[in-house]
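Trainee: Please read through the structure below; I'll follow up with questions.
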Amino acid sequence: MFREMRRKDRAMVEEETKMLLETAQVGILSTVSTDNTPYGVPMNFIYTNEVIYLHCALEGQRLDNIVNNDSICFTVVDSVELMPAAFATKYKSAIVFGKIIVVEDIEEKRKGLIGVVKKYSPDFYEAGLRYIDNAFEKTKVLKIEVSKMTGKARA
């Protein structure tokens, strides 16, 4: 199913790819609907302990899609710098394949949401915990169990 990376000279080692997943701000979650229509949506996320956590509303297209097909692709691009004179772009990117589930365990769900607060609002941790408490029942947490990841960069 997976092709080899065409530009192996740009491949990042696994640790670099994991570092990118830990620090990048936005990723694109791609799912497929029951009629095979692809759907990609930008999302905030955290990468921790070899999994990716995302949060979303209680309903929506991505949730409809993963009920029928839990296979996903998650893509991150960061450190983008245009090089107009060279007709090129500097970048770092990661592509993750895996299975996605809705987290049902209360403690794991809370852990995922706390991770989001720590990453995106570290200076507002206490307020973030209150926000989690207030929005907990109106929020789903999704977990991507990574089966394959690749990283690529142009310096």
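Trainee: In Å³ and rounded to a whole number, note down the convex hull volume per residue for the Cα atoms of the stretch 57-132.
Mentor: Convex hull of Cα atoms, per residue: 150 Å³.
Trainee: Averaged over every viewing direction, what's the projected area of the C-alpha convex hull for the stretch 112-155? Give it in nm², one decimal, please.
Mentor: 4.9 nm²
Trainee: Using Rg and Dmax of the Cα atoms in Å as the read-out, say which of (1) 16.7, 52; (2) 16.1, 59; (3) 14.3, 40 was calculated from these coordinates.
Mentor: Checking each listed value against the structure points to (1).
Trainee: State to the nearest 20 debye the size of the charge dipole of the chain about its Cα centre, where the only charges are +1 on K and R beta carbons and -1 on D and E beta carbons.
Mentor: Rounded to the nearest 20 debye, it is 600 debye.
Trainee: Can you tell me the FRET efficiency between Glu16 and Ser147 if r is taken as the Cβ-Cβ distance and R0 is 25 Å, rounded to the nearest 0.05?
Mentor: 0.85
Trainee: Under a plain spin-label model, where a point goes 7 Å from the Cα along Cα-to-Cβ, how far apart in nm are Tyr131 and Arg3?
Mentor: Roughly 4.0 nm, to one decimal.
Trainee: Now, a different point. Quick one: if you stick a label point 7 Å off each Cα along the C-beta vector at Asp105 and Lys118, how many nm between them?
Mentor: 1.6 nm
Trainee: Which value, in debye to the nearest 20, describes the size of the charge dipole of the stretch 5-89 about its Cα centre when Lys and Arg Cβ atoms bear +1, Asp and Glu Cβ atoms bear -1, and nothing else is charged?
Mentor: Charge dipole of the stretch 5-89: 300 debye, to the nearest 20.
Trainee: Then there is this: What FRET efficiency comes out for the pair Asn68/Val41, r = Cβ-Cβ distance, R0 = 22 Å, nearest 0.05?
Mentor: 0.85
Trainee: In deg cm²/dmol and to the nearest 500, what is the mean residue ellipticity at 222 nm of the chain if only DSSP H runs of at least 4 residues count, each as -39500 (n - 2.57), divided by the residue total?
Mentor: Result for the chain: -8500 deg cm²/dmol, rounded to the nearest 500.
Trainee: Could I ask something else about it? So which chymotrypsin sites (Phe, Trp or Tyr not before Pro) in the stretch 69-155 end up in coil per DSSP with only 15 or fewer other C-beta atoms within 10 Å?
Mentor: In loop regions of the stretch 69-155 (DSSP not H, G, I, E or B), the sparsely surrounded chymotrypsin sites (Phe, Trp or Tyr not before Pro) are Phe87.
Trainee: Take Leu58, project a point 7 Å from its Cα along the Cβ direction, then tell me which residues of the stretch 75-108 have their backbone nitrogen under 17 Å from it.
Mentor: Once the point is set 7 Å along Cα→Cβ of Leu58, 102-106 turn out to lie under 17 Å by backbone N, inside the stretch 75-108.
Trainee: Among all the lysines, which ones have a C-alpha under 27 Å from Lys118's C-alpha, if same-chain residues fewer than 8 places away are not counted?
Mentor: Lys118 reaches Lys18, Lys92, Lys99, Lys109, Lys138, Lys140, Lys143, Lys148, Lys152.
Trainee: As an exercise, identify the GluC sites (Glu not before Pro) in the stretch 53-131 lying in DSSP coil whose Cβ has no more than 11 other Cβ atoms within 10 Å.
Mentor: Sparse-neighbourhood loop GluC sites (Glu not before Pro): Glu59, Glu104.
Only the coordinates and a few stated rules stand behind these numbers; no lab work does. Nothing here was measured: the structure is a model prediction, and the numbers come from that model. With ideal geometry, Cβ positions are generated from the backbone for all residues, glycine too; neighbour counts draw on all protein chains shown.
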